[in-house]
Amino acid sequence: MVGKDPPNSRIDVDKFDGNIDFSLWKIRILSHLRVIGLKDILTDDKLEKTVSNHSSYQSSPESKNVDENVDDFLKIVAELSSLNVEVSDEVQAILLLTSLTPSFDQLKHTLKYGRESLSLEEVVSAARSRERELSEDHRSDKNQAASLYTGERGRQPYKGVKGKNDRSRSRSSSNTRLTCWFCKKEGHIKKDCYARKKKYGIEPQGEAGVITEKLVYTEALSVNGQESKEQWVIDSGCTYHMTSRRDWFSDFNENTSTTILLGDDHTVEAKGSGSIKMKTNGGSIKVLRNVRYVPNLRRNLISTGTLDSLGYTHEGGDGVVKFYKNNKLALRGILQNGLYILDGRTVLGESCNVESSIDKTSLWHSRLGHLSINNMKTLSGKGLIEKKDIKDLAFCEHCVMGKSKKLSFNVGKHITEDILSYVHADLWGSPNVTPSLSGKQYFLSIIDDKTRKVWLMFLRTKDETFENFCEWKVLVENQVNKKVKVLRTDNGLEFCNSRFNDYCKKFGIERHRTCTYTPQQNGVAERMNRTIMEKVRCLLDESGLGEPFWAEAAATAAYLVNRSPCSAIDHNVPEQLWLTRKPGYNHLRRFGSVAYVHQDQGKLKPRALKGVFLGYPPGTKGYKIWLLNEEKCVISRNVVFHENVVFKDLKSEENQASASKALPAPTVSTETFIRIEDEDDVGAQNEHVTESVDAGGETQENASSSESDEAETEDVSADAVDLTNYQLARDRGRRQPKPPAKFSDYSEVAFALLTAEFVTSEEPSCYHEARRSKDWVKWNGGMTEEMESLWKNGTWIIVDRPKDKKVIGSRWLYRLKSGIPGVESERHKARVVARGFTQKEGIDYQEVFAPVVKHLSIRILMSLVVKEDLELEQMDVKTAFLHGELEEELYMEQPEGFVVDPKKDQVCLLKKSLYGLKQAPRQWNKKFNAFMMSQKFTRSGHDPCVYVKEVGDEEFIYLLLYVDDMLLAAKSITEVNKLKAELSREFEMKDLGAASRILGIDITRNRKEGTLCLSQSGYLKKVIQRFNMGEAKVVSTPIGAHFKLYSVQDDSECVDTELVPYNSAVGSIMYAMIGTRPDIAYAIGLVSRFMSKPGDIHWEAVKWLLRYLKGSVGMNLVYTKGKDFSVQVLVTQIMQEILTEEEAEFVALTEAVKEAMWIRGLLDDMGLKPAKALIWCDSESAICLSKNNTFHERTKHVATKFNFIRDVIEEGEVAVSKIHTSKNPADMLTKSIPVRKFEEALDFLRLLK
């Protein structure tokens, strides 16, 4: 009732609860307002109409959820607020609570009678929680599809009526007022209660959500299981693109982390972001970028907001929404079950490779030799490695491949009181182990029990164990100033021998040995060996290096083991306990990674050499690098590392041929292995560089940092030692005399070459082997091609076997042709040959001689090509010998596999010459010469295989013939092509284009620079490999000065030529000397004197020559443009014949003049009009005799035939001049000279690498 109480007195008016008449309640309220002085506030018709419509707010319909009911209720409150009717928060809470459906009765009683006051937010939050529980119970009972909660699309958070402070009431954006019914704590609800999930073992379920600034009300969307995982939903309430499919990403960045606020007030974290390749039907979008990865998301969402921010526009209608950019359709969505589903799919398969960002945990795992994740975390916990770099380690296949093992034995533990009080030792290796780069097959491992520090010493044989142990004992006792007390080993003979036992007794070392066949009693050493070899296998497998690098990998593994936590010493670091200070780790690098070593090669040459990182050399502040091109190890501090690329990656980028040339060491022959080079034969460079790391993983070492100095000071004892009166010379023991390498015994190398006479070949030796060959199809194709060529050429006809004539046999020869790079591919060639050795002279043939072009003529042509810039082409005659006409009647057996009629006894009546016949070369040469004469070519009188034709004013075309190989040279390519056409019409020819190889000599031409190089490097490499000298140490001269060769007097001193391929080796090298290598002329002339009865010293000289060729295999004979063509050629060639013996000098000069006259004659035949030849001679007496007919007692015995040179000199054809002996480059052809003078002679002869 409203009374006349004073304005400050309270008027009791019942609250409007919806059950009484609103009109009566309105009159009471207006009366109260009149009393307190407020008039005519609520007198308009709009209020009456609105209030009458909503005056009765009874209960919420069950068809609507809590959010919808709250929306309707707040709309009524808002309308009342617009009419200046303010409803308190507690009244709103009670009205809303009363309107809830009967399913919320328990909640009603709890809130009504369990609290003194209520608020609207508490009721709304409690109602939502109760509704969610009811929904979950309903889903579990019905086993329906999951519900996906998303935010209201396009709806702003609702703002309530203005309060007293004129601020709109918005819905809370936090869960701080929510109360959990399980743990009675605020901030979350029962479903998200951590205590409840932990108690009942409930796994969290992911829910799709949106990122919003404030909490929004959600709506449930029914989805369907697996199909939804493959579809994309176009969502307007989503801030970013999101998916739960990790396998869809084409590139992925784990460093991106975003918190996702779900529509039901939950938050989850995105594990990264990346790009996903799409295939939109008719759309232009190919890649969806910046997609968040949310592991437990139930739907894949495409954000329309993100598309809008990227400039896409959209339109919709008829159940389809389309997005455009630049007036082109980007993508579209089709309405399905109330959701817009992307019309397209995700691209998977080989085109979608997942690439994660650089994982520093895996990188440190590789750097530390595949250390376990627990030990890596221990290092990060100790502050030795940054904690942010060590996370969970992914699966490492290299660890599985390298550390797979059987079950281990239980080991006992004992306590060691001091360093070196107890030492474990063991020997690892066997004769079957692949030798290392320096020929080592064993290593001795020694472990200190107190610190668990390990030392490795590599051995060639077991008998080196004692010397290495003695050296180690002196070293460590000097470092820590303590004594070795107890040594535990097994019962191997390398440890159990009188010398070892006497040594231990002398120095008071107690011996502990294992029982028979119980290596577990030496478990510390055995386990350490297994740990090291596990790391070795991991390092080799990861890097791709071959087995010969196992010693470098083992040394690196031991270095890393000493810097890794050990469980036997409470996860302390052995190196730290040994040095009593923390070791450094910043200098560690990935084994086998690509490294670039600084080296100044010249002002215009690259300043770095590419190599592979092999470890940390002891006692040196640097890195050990294997140089790929130089094929040697160096130690340097100026190294730039690319740790993301290892040697295995280089091999995958290159072809197999280039990879085998870049690093021959991994392919070691199992038959023989020459151990010549030691691991200690490397140089050190101590220079300073700076450190920098870029995003690509490239690191440059800073050698001046404090931690990188560890390599130099790691063995320094922690105890100070007084060195004031120490004198190095006084206490140093006398070194053991060791002869130079050139005087050492090479019997081991000789043994390696005993069975190396023939090169292994896959070419079949007969028809039956060809049929059994795996390449029979290719060989059969070559045979068919040969037979077709013979039938086409009319080489024979089939006749019955004659009774009174001898029939020559036939056979197949097979040859695998390597071809010419870029011109001709590899091919399997087969050829029918006659067994000409059964022919008899005078009956089956008369003359057999056929000339071939001289090598000197080829070199003269090469020089002419460079000087005149001529075109140089090459051709080959197919079945050259088949073109010759036979003058005798010859019969031959039919080739195997191609018998015309096996039932008849028939043979081949030869009409033309065939390979294998004695007269075949001569008949072919006669045929070819007749053709060249018909083409108006002139045959040289000095070299019958050189043909010259003048085609213009002082323009000539040249042809050089060597059996069936031809070289063509002319100023005009048109003339060359004309000659090619004429040859092809007469013979079956093969055009090989520009000349690149002739008689095994490679031709490399650079017309821009005016140079041409002749090289036999490919041939020499085959020779070196044939005689198993590929691993030998190189020398700098063809023959050593210490070799004093003489004839063998006793047959016992001779080598067995059936086992030692002396003649074959000398002959093989001699061909290289004739072609392009005049530098070995003296050595070849020396060793070839003893081919009838070679001895051991002669064989050593041949191997020395092979070692020189190995080091100079890349040497080329270089031709350059010169002003005087004739002088340049004559000096180079004549110097090969000059001798220096006093009484033979005049005869030698005569021979040189004869050679000069022959060359001038050849040049004249080629139309060059050579000038006077200049011959240099270092003998004054020979020069005087050549110019004056002076009688002397010492020259009267010289034959008069040599005196003709006086007439030649007087006529002006040749001039002889004096050259000082010290400057005479021809000395390299007559004697063994110092290295410096030898190199100057090579430069004069233009023999360059």
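Ranked highest first by average number of other Cβ atoms within 10 Å, how do 81-94, 899-912, 1061-1074 line up? Don't skip to the answer; put the middle values down first.
Numbers: 81-94: 15.5, 899-912: 13.9, 1061-1074: 18.9.
Packing order, densest peptide first, comes out as 1061-1074, 81-94, 899-912.
What number does the stretch 767-999 give for Rg over Rh if you use C-alpha atoms and the Kirkwood radius? Working shown, then result.
Details: Rg = 19.7 Å, Rh = 19.5 Å.
My calculation puts Rg/Rh at 1.01.
Between the listed residues Trp776, Ser857, Val951, the Cα displaced farthest toward the positive end of the dipole of the stretch 767-999, a dipole computed from Cβ unit charges relative to the Cα centre, is found at Trp776.
The protection proxy used here, the mean number of other Cβ atoms lying within 10 Å of each residue, ranks peptides 1103-1111, 103-111, 330-338, 271-279 as follows, highest first: 1103-1111, 271-279, 330-338, 103-111. Stretching the chain fully between Ser1088 and His571 yields a gain of 179.3 nm (0.36 nm per residue, less the alpha carbon separation). A simple packing score, the average count of other Cβ atoms within 10 Å per residue, orders the peptides 438-444, 24-30 as 438-444, 24-30, with the highest score first.
State the extension gain, in nm to one decimal, for the chain segment bounded by Asn481 and Gln106, taking 0.36 nm per residue of separation less the distance between their alpha-carbons.
On the way: separation 375, 0.36 × 375 = 135.00 nm, distance 8.38 nm.
Here the answer is 126.6 nm.
Computed from the C-beta positions of Arg28 and Trp181, the FRET efficiency with R₀ = 56 Å rounds to 0.90. The calculated FRET efficiency for Lys1021 paired with Arg196, based on their beta-carbon distance and R0 = 60 Å, is about 0.20. Site pair Ala394 and Ala981 shows an inter-label distance of 6.4 nm when each label is modelled 7 Å from Cα along Cα→Cβ. Under the simplified labelling scheme, the Asp953-Ser404 pair shows an inter-label distance of 8.2 nm, with each label point 7 Å from Cα along Cα→Cβ. Dividing the radius of gyration of the alpha carbons in the stretch 917-1061 by their Kirkwood radius gives 1.13 for Rg/Rh. Qualifying GluC sites (Glu not before Pro) in the stretch 958-1042, where qualification requires a DSSP coil assignment and no more than 13 other C-beta atoms within 10 Å, comprise Glu1009.
Taken about its Cα centre, the stretch 992-1093 carries a charge dipole of about 660 debye when Lys and Arg each add +1 at the Cβ and Asp and Glu each add -1 at the Cβ.
Only the Cβ atoms of Lys and Arg (+1) and of Asp and Glu (-1) were treated as charged; on that basis the dipole of the stretch 465-583 about its Cα centre amounts to roughly 640 debye.
Where nothing but the Cβ of Lys and Arg (+1) and of Asp and Glu (-1) is charged, how large is the charge dipole of the stretch 767-999 around its Cα centre, in debye to the nearest 20? Can you show the working numbers first?
Details: 38 positive and 37 negative charges, 181 e Å.
Roughly 860 debye, rounded to the nearest 20.
Once both labels are positioned 7 Å from their Cα atoms along Cα-to-Cβ, the gap between Trp791 and Lys325 label points is 6.7 nm. Within the stretch 839-932, the chymotrypsin sites (Phe, Trp or Tyr not before Pro) that combine a DSSP coil assignment with at most 10 other C-beta atoms in a 10 angstrom radius are Phe849. Fully extending the segment from Asp418 to Ser362, taken as 0.36 nm per residue of separation minus the present Cα-Cα distance, adds 16.5 nm. Cβ-Cβ distance of Glu471 and Lys506, R₀ of 22 Å, FRET efficiency by 1/(1 + (r/R0)^6): the value works out to about 0.90. Simple rule: put +1 on each Lys or Arg Cβ and -1 on each Asp or Glu Cβ in the stretch 767-999, find the dipole, and look at Thr938, Leu968, Leu886; the Cα lying farthest toward the positive end is Leu886.
A short reminder: the numbers here are calculations on the coordinates, not readings from a lab. It should be emphasised that the depicted structure is a prediction, and the values quoted were computed from it without experimental measurement. In this analysis, Cβ positions are derived from the backbone assuming ideal geometry, glycine residues included, and neighbour counts consider all displayed protein chains.
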